[in-house]
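**Q** Input: one structure, supplied below.
The values are calculated or read from the model by the stated rules, or taken from the named source; none is laboratory data. Everything numeric here is computed off the predicted structure, so don't read it as measured data. Positions of Cβ are generated from backbone atoms using ideal geometry, with glycine treated the same way; all protein chains shown enter the neighbour counts.
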Amino acid sequence: MKINYKYIGVVFILLALFLCCENTPNEPTYQKEIAVFGYLWGNKNLNADHAIMLAYTQPITDYYKWEKAAIKNAKVTLTDMNSGKVYELDTTPDRPGYYFNDSLLIKPQTAYELRAEVDGKVVTATTTVPPVLKTTSKLRTDTTNYVYYDNISFEKPVFLECESPDQIILVDMYCNETYETAEYITEFYGHKKPENEDEYEEGSNGEPRHIMGFGKYETFASDYYPGQFVVDWYSSMIVFYGAYSLQILAIDDNYSDFITTQEYREYKSGIKGGIGVFGSMTGETFKLMVLKP
């Protein structure tokens, strides 16, 4: 299952293309960097859909081609820091630059170290997978949920259970419709209806097409459900009719830093020897089809 974080990855790659050193207002200087984007999902295998991406940044003056940017010859390993076991990750010709191992099941509350050797350079990163985030809801995870816009989140709330009150919980809502099929419903906090396809596509990693909300687990306490922790407001994140992916996730510190840092986030998200983000999470994805009344 390809989850919404691929859209963060796409935008991250675009950000990486513009990285420079010794910036001046008139003449940025290109610096070739190894860019890493990936996450580990607790209780899921590190398969092709959850692969870790490796690529080179490219100058802003070059026409961007993934075939050129993708790193195809890296030696990539993932080490279970609890057991010391080392797993090799491989890429494939049909998806160059994406490294994975189908047999590797990611364990919650386990530390992992990523190591990539590329052309004599070494990039490393570590993450500790969050504890299991248990979700209970009338929404199903094994099929598309056909819902109506009005008050769906109150009618079908998602109840949460997590061991740590300080755990950061991310609620991520992404509209999967194209510009031609996304029918506008309502304004979202000043983000008006996109006037053209460019405006709509610019929201692929931002509002109003992609909306994120996050906070500590303890802040999800609800007055309507005393003593319980619940997401009963996700319908306020829906701006268009059509297909959506709703993710409710417990995220690690690296991902938390990445989505909350305003500037140079690609330097502050857990990567040593390169740029990017290497994080982990637990949780669920719900597929929604938002219908007209």
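**Q** Residue by residue through the stretch 117-134, note down the ones that are crowded, with 18+ Cβ neighbours inside 10 Å, under 15 Å from residue 282 (Cβ atoms) and either in contact with a Leu (Cβ under 6 Å, 6 or more places away or on another chain) or among the aliphatic types (A, V, I, L, M) (or both).
**A** Correct list: 129, 133.
**Q** Related question: Looking for whichever is within 24 Å of residue 147 (Cβ to Cβ) and not β-branched (Val, Ile, Thr) here; the options are 234, 255. Which one fits?
**A** 234
**Q** Return the total of residues in the stretch 68-88 being under 20 Å from the mean Cα position of the chain (by Cα) and within 16 Å of residue 39 (Cα to Cα).
**A** 1
**Q** Might you check whether a residue that is in contact with a Phe, Trp or Tyr (Cβ under 8 Å, 6 or more places away or on another chain), modelled with pLDDT of 95 or more, closer than 17 Å to residue 162 by Cβ and surrounded by 20 or more Cβ atoms within 10 Å (Cβ to Cβ) occurs anywhere in the stretch 252-262?
**A** So far as the stretch 252-262 goes, no, none of its residues is in contact with a Phe, Trp or Tyr (Cβ under 8 Å, 6 or more places away or on another chain), modelled with pLDDT of 95 or more, closer than 17 Å to residue 162 by Cβ and surrounded by 20 or more Cβ atoms within 10 Å (Cβ to Cβ).
**Q** Something else now. If I ask for residues that are touching a Ser or Thr at 6+ places or on another chain (Cβ under 9 Å), modelled with pLDDT of 95 or more and buried (at least 20 other Cβ atoms within 10 Å of the Cβ), which ones from the stretch 139-161 would you list?
**A** Within the stretch 139-161, 147, 157, 158, 160 qualify.
**Q** I would also like to ask the following. Quick check on residue 207: is it assigned to a helix (DSSP H, G or I) and out of contact with any Lys or Arg (no Cβ under 7 Å at 6 or more places or on another chain)?
**A** Considered against the rule, which asks whether it is assigned to a helix (DSSP H, G or I) and out of contact with any Lys or Arg (no Cβ under 7 Å at 6 or more places or on another chain), residue 207 comes out as no.
**Q** Okay, moving on. Would you check if residue 201 is in contact (Cβ under 8 Å) with a residue 12 or more places away in the chain and assigned to a helix (DSSP H, G or I)?
**A** The answer is yes for residue 201.
**Q** I would also like to ask the following. Identify all residues within the stretch 49-70 that are more than 23 Å from residue 126 (Cβ to Cβ), part of a helix (DSSP H, G or I) and touching a residue at least 24 places away in the same chain (Cβ under 8 Å); write none if there are none.
**A** Result: 66, 67, 69.
**Q** Taking residue 164 and the conditions (1) small (Gly, Ala, Ser); (2) touching a helix residue (DSSP H, G or I) at 6+ places or on another chain (Cβ under 7 Å); (3) in a helix (DSSP H, G or I), which numbered condition does it fall short on, given that it satisfies the others?
**A** Just one mismatch for residue 164, condition (3).
**Q** Go through the stretch 102-114 residue by residue and tally those that are farther than 11 Å from residue 128 by Cα and either of a type in the set (Val, Ile, Thr) or surrounded by fewer than 19 Cβ atoms within 10 Å (Cβ to Cβ) (or both).
**A** Selection size over the stretch 102-114: 3.
**Q** For the stretch 171-186, check the following and say yes or no: at least one residue is in a helix (DSSP H, G or I), surrounded by 20 or more Cβ atoms within 10 Å (Cβ to Cβ) and of a type outside the set (A, V, I, L, M).
**A** Within the stretch 171-186, none of the residues are in a helix (DSSP H, G or I), surrounded by 20 or more Cβ atoms within 10 Å (Cβ to Cβ) and of a type outside the set (A, V, I, L, M).
**Q** Scan the stretch 73-101 for residues that are farther than 21 Å from residue 280 by Cβ and either aromatic (Phe, Trp, Tyr) or surrounded by 15 or more Cβ atoms within 10 Å (Cβ to Cβ) (or both) and jot them down.
**A** 96, the sole residue that qualifies.
Each row is one residue, and each column tells you yes or no for (1) modelled with pLDDT under 95; (2) surrounded by fewer than 14 Cβ atoms within 10 Å (Cβ to Cβ); (3) of a type in the set (A, V, I, L, M, F, W, C).
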{"site": "205", "(1), (2), (3)": "yes, no, no"}
{"site": "220", "(1), (2), (3)": "no, no, yes"}
{"site": "223", "(1), (2), (3)": "yes, yes, no"}
{"site": "230", "(1), (2), (3)": "no, no, yes"}
{"site": "244", "(1), (2), (3)": "no, no, no"}
{"site": "247", "(1), (2), (3)": "no, no, no"}
{"site": "266", "(1), (2), (3)": "yes, no, no"}
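**Q** Is it the case that some residue within the stretch 98-105 is among the polar types (S, T, N, Q) and under 26 Å from residue 163 (Cα atoms)?
**A** no
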